[in-house]
Amino acid sequence: MRDQAALSNIYLQISDYQIVGSKNRYDLQHKVKTAMSSGWKPLGSMSVYHPGANIGGVPESFFQAMVKFK
């Protein structure tokens, strides 16, 4: 049963990891699609950085975690 659990755990199947980032969401979308065409898969949702807790203002940076599987 432990072997089956290990096989179904996607985190144990990750072979490589990178973070793609950009100053705007359209550029991030392009970078993510480019990485996907090279075998990378998005992991989780996009992250947004608001420096100085600028709530309601324009975000400064966008990030997406990308992984490759074994």
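The values are calculated or read from the model by the stated rules, or taken from the named source; none is laboratory data. From a predicted model like this one, the values you see are computed outputs, not experimental measurements. Cβ sites come from the backbone with ideal geometry, for glycine too, and all protein chains shown count toward neighbours. With ligands, DNA and RNA removed, areas are computed over all heavy atoms of the protein, side chains included. Shrake-Rupley method; radii C 1.70, N 1.55, O 1.52, S 1.80 Å.
Restricting to region 23-55, and then to whatever is in contact with a Ser or Thr (Cβ under 7 Å, 6 or more places away or on another chain) and farther than 23 Å from PHE69 by Cβ, can you tell me which residue is most open to solvent (accessible area, probe 1.4 Å)?
Restricting to residues being in contact with a Ser or Thr (Cβ under 7 Å, 6 or more places away or on another chain) and farther than 23 Å from PHE69 by Cβ, the top hit is LYS23.
Report, ordered by the first and then the second residue, all pairs with beta carbons closer than 6 Å, sequence separation of six or more or different chains, a first member in region 9-31 that is free of Cβ contacts under 8 Å to residues at least 24 places away in the same chain, and a second member that is loosely packed, with under 13 Cβ neighbours inside 10 Å and of a type outside the set (Ser, Thr, Tyr).
Going by the 6 Å Cβ cut-off, the qualifying pairs are LEU12/ALA6.
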